[in-house]
Amino acid sequence: MSQRPSTGFRTFRAITTVMMVTWLILPLVPLAIWSFSRSWFFPNVLPSAWSLQGWEYALSDRSGVIDALWLTIGISLGATVLSVLAGVPAGRALGMYNFRGKQFIELLILAPAIVPGIAVVLGIHVVFIWLGLANSIFGVILVHLIPTLPYMVLVMSGIFANYDPAFEAQARSLGASPLKTFWYVTVPAIMPGIIVGALFAFLISWSQYILTLLIGGGRVITLPLLLFNFATSGRNDLTGAISVIYIIPGILILILTARHLSGRSGAVGGFGQI
Amino acid sequence: MSDRWKIILLLTPAMSVIVLLFLGGLALGLMRSFNYMPIIGLINPNFDAYLAVFTSSEFYLSFLLTFHIAFTSTAISCVLAIGAALLLRRTFVGRSLINFLFQLNLTVPHLVGAVGILYLFSQSGSFARLANEFGMIERPSDFPALVFDPFAIGIILQYVWKEVPFIGVIVLANMQSLGEDYESVARSLGANKWQSFIHVLLPLIIPGVLSASVIVFAFTFGAFEIPAILGANFPAALPVLAFRKFTDVDLAARPEAMAMAMVIALLSAVMIFFYIRYTRQKFRN
C-alpha cells in the first residue's frame, strides 16, 4: 500500500491539516491577545489600545497571582510526592505478585480515576470539617490524591510487571543491605516509571478545581480558582495573563519528557483528567 | 516474611487513601443523602432528599442536559479523533506539528480551554466581531448564542477541543502498533479502502476507542468548572446544580446535593463496568 497518494487526497489532507492546526491553537489566541490589551471593545477585531497593564498587575503583589502560583506548585508537589510514596509499593504488589482478590484491588484503585470528584468530595467535606482538615492546605493535598494516585499505580504496576527481581537477590547475596539494594538496584530500574507517573500526578493535581474549591473553602486560593474568579468577573486582561502563566508548567513538562510518553502506555489515560 | 504479608504491606498506603478518602467520601455522601450523620446529630434517616430530587423537573432537565453534553461531546470527539488519526498515521509534512499541538493541548487544563472558547464564541467574542467586520451582524445580540445557550454548544465545543487530541493520541498509537499488514491483506484480497477500514481496521481499534470514550464520558458528565463558565443558568449541568444545592444558604438543601452526587457516582459505576470490559488486560502488559 505504498503507492503515492493521489493529488486529490493530498489537497484534502492539506486542507484538513490547516483546519486542524488552526482549531487546536484558536482558543488560546484571544487569551494571549487579551493579556496585552488595554481596551478592546466590540466591534474591534483587535484591541484599540495595547498595554502591559494586565501583566504588571498579574505579577504585582496586589493581585495575589504570584502567591497563588507558589501555593499551586507546593500543593501539586505535595500531592505528587505522596502519590509516589503510596503508588510505587502498590504498583510493585500488583505488577509482581498474583494473589486472590487482585482484580478487586485493581478495580478499587482504578475507580477514582473514573468517578468524578464532585461525587466524592461533598461527603469528604463533612468529615474534613470534623477532623479540622477543611480549609487547610494539607486537606487539599489529601483530596488531590484521589485523582492522582490511580495513574501512579497504573504506571508503576506496568513497570514492575517487566521487572526482574533476580537483580535484587544478587545484590543481597553480594552483601548489600535491603536499603542499599533498594537505592542502588530497584530505584534506578524503576526510575522511568516514577518520572512519568510523577508528571501525570503533578499535572492532574495542577488542574484540579472543584476539589480545591470545596475542601479549601475559599481559603486555599490556587491558580485555577483565581483564574475562574477573574474570568467570571470580566477582568479579561488579567484572565489572559493568568491563563498564560497557568499553562506554562504543562508545556515545560511536555518538552522535557516528550520522549518518555507514548500513546501505547495505559498511563496516557491520565491526560483525560487534566 | 511471607509473600502474603509483603503484598499487604505494599498495598496498605495506597489502599488507605482509596478506602478512607474515596470510599469514605462516597459512603458519607450516601449517609448524608439520607439525612443520616450521627457525628452532627442527625440520627433519623429518611428519603426526603431523593423524593425532592426525583420530583423536581429541574433535576430531570439538568440530567438530560448533562447526558446530552457528555454523549454528544464523546461521540463527536471519537469520530473526529479517528479521522485525525487516519490522517496522521502516514508520514507527511504537517504530521510532527499536529502531533506536537495534540500533546500540547493535552497539557492545557480544561478551565483555560473554557475561557478561550468563551472569548471566541460569546456574543461579543472574536467570531461575533469578525461577523460584524464582514457586515453580517450589527450588534452583539445579532450573533447566535453559542455560549450560555440551552443546547450547551459552547461546552461541547470546549470538550471536543480537548478530547479529540486525547482520543486521537490513543488511537494513533493503537494504529501504529497494529501496522498496515492486516489492511494490506484485505486490499490484496480485493477489499476497497472503505471496506478494509470498516471491516479490518475499525474492529481492531474499537476497544482502545471505547476505553478512552468511557474516561471522556465520565469526565464530561461530572466536570464542574466548564459548564459553570460556559453553561446557561437554567437548566444547569448536574454537577453545577449539585454545587449550588450544597452551597445553598438553606442547609436543608445539602442532602439534595448529596443525592445528586450519588446519581453521578452511580452513572460512573456503570462507566467503570464498561471500562473494565474493554481494558481488562491493561494492568498486565
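The values are calculated or read from the model by the stated rules, or taken from the named source; none is laboratory data. Every value quoted in this text rests on a predicted model; they were computed, and no experiment measured them. We place every Cβ from the backbone using ideal geometry, glycine too, and count neighbours over all the protein chains shown.
Assuming B:H199 fulfils every condition listed in (1) over 18 Å from B:F148 (Cα atoms); (2) touching a residue at least 40 places away in the same chain (Cβ under 8 Å); (3) surrounded by fewer than 20 Cβ atoms within 10 Å (Cβ to Cβ) apart from one, which condition is it?
So B:H199 meets the others, but not (2).
Of all residues in segment A:126-169, count the ones that are crowded, with 20+ Cβ neighbours inside 10 Å and among the hydroxyl-bearing types (S, T, Y).
3
Can you name every residue in segment A:39-89 that is among the β-branched types (V, I, T) and within 30 Å of B:R139 (Cα to Cα)?
Matches in segment A:39-89: A:V45 only.
Give the number of residues within segment B:31-54 that are more than 7 Å from every other protein chain (Cβ to nearest Cβ) and either in a helix (DSSP H, G or I) or among the aliphatic types (A, V, I, L, M) (or both).
Number satisfying all stated conditions: 13.
Considering only residues that are more than 7 Å from chain B (Cβ to nearest Cβ) and within 22 Å of the chain's Cα centre (by Cα), look in segment A:85-109 and name the one that is surrounded by the most Cβ atoms within 10 Å (Cβ to Cβ).
Top of the filtered list is A:G91.
Just give me the residues in segment B:125-143 being in a loop (DSSP other than H, G, I, E, B) and buried (at least 18 other Cβ atoms within 10 Å of the Cβ), in sequence order.
Taking segment B:125-143 and keeping what is in a loop (DSSP other than H, G, I, E, B), we get B:125, B:134-139, B:143.
B:G125, B:I137, B:F143, listed by residue number.
Six or more apart or on different chains, Cβ atoms under 9 Å: show the pairs whose first residue is in segment B:1-30 and within 7 Å of chain A (Cβ to nearest Cβ) and aromatic (F, W, Y) and whose second is assigned to a loop (DSSP other than H, G, I, E, B) and crowded, with 16+ Cβ neighbours inside 10 Å.
Close Cβ pairs (under 9 Å, with a partner that is assigned to a loop (DSSP other than H, G, I, E, B) and crowded, with 16+ Cβ neighbours inside 10 Å) amount to B:F22/A:V115.
Sort out for me the helices (runs of 4 or more DSSP H) sitting completely within segment B:165-274 that have 2 or more residues that are assigned by TED's automatic domain parsing to the domain that holds B:I155 and within 17 Å of the chain's Cα centre (by Cα).
Helices (runs of 4 or more DSSP H) meeting the threshold: B:202-222, B:225-230, B:238-246.
Check B:M262, B:M258, B:M271 and return the single one that is within 8 Å of chain A (Cβ to nearest Cβ), farther than 14 Å from B:A49 by Cβ and in contact (Cβ under 8 Å) with a residue 12 or more places away in the chain. Explain how you work it out, then say what you get.
Details: B:M262 fails: farther than 14 Å from B:A49 by Cβ; B:M258 fails: farther than 14 Å from B:A49 by Cβ.
Being within 8 Å of chain A (Cβ to nearest Cβ), farther than 14 Å from B:A49 by Cβ and in contact (Cβ under 8 Å) with a residue 12 or more places away in the chain holds for just one of B:M262, B:M258, B:M271, which is B:M271.
If I filter segment B:159-179 for residues that are more than 9 Å from chain A (Cβ to nearest Cβ) and of a type in the set (D, E), do I get at least one hit?
no
Evaluate segment A:80-101: report whether one residue or more is within 30 Å of B:I117 (Cα to Cα), of a type outside the set (V, I, T) and touching a helix residue (DSSP H, G or I) at 6+ places or on another chain (Cβ under 6 Å).
Among the residues of segment A:80-101, not one is within 30 Å of B:I117 (Cα to Cα), of a type outside the set (V, I, T) and touching a helix residue (DSSP H, G or I) at 6+ places or on another chain (Cβ under 6 Å), which makes the answer no.
Examine segment A:1-13 for a residue that is at pLDDT 90 or above, within 11 Å of chain B (Cβ to nearest Cβ) and either in contact with a Cys (Cβ under 6 Å, 6 or more places away or on another chain) or not in a helix (DSSP H, G or I) (or both), and state whether such a residue exists.
no
What about A:L211, is it outside any loop (DSSP other than H, G, I, E, B), touching a helix residue (DSSP H, G or I) at 6+ places or on another chain (Cβ under 8 Å) and at pLDDT 90 or above?
Here the answer is yes, as A:L211 does meet what is asked.
Working carefully through the options B:L97, B:L101, B:L21, B:L64, find the one that is outside the structural domain of B:L210 (by TED's automatic domain parsing) and either of a type in the set (D, E) or in a helix (DSSP H, G or I) (or both). I'd like the intermediate steps shown before the answer.
Values: B:L97 fails: outside the structural domain of B:L210 (by TED's automatic domain parsing); B:L101 fails: outside the structural domain of B:L210 (by TED's automatic domain parsing); B:L64 fails: outside the structural domain of B:L210 (by TED's automatic domain parsing).
Among B:L97, B:L101, B:L21, B:L64, only B:L21 is outside the structural domain of B:L210 (by TED's automatic domain parsing) and either of a type in the set (D, E) or in a helix (DSSP H, G or I) (or both).
Among (1) within 7 Å of another protein chain (Cβ to nearest Cβ); (2) over 21 Å from the mean Cα position of the chain (by Cα), which single condition is A:I146 missing?
Single failed check for A:I146: (2).
If you go through segment A:55-76 one residue at a time, do you hit one that is part of a helix (DSSP H, G or I), under 19 Å from B:S16 (Cα atoms) and at pLDDT 95 or above?
At the first step, the residues of segment A:55-76 found to be part of a helix (DSSP H, G or I) are A:55-59, A:65-76.
Applying the additional criterion that residues be under 19 Å from B:S16 (Cα atoms) yields none.
No, every residue in segment A:55-76 fails to be part of a helix (DSSP H, G or I), under 19 Å from B:S16 (Cα atoms) and at pLDDT 95 or above.
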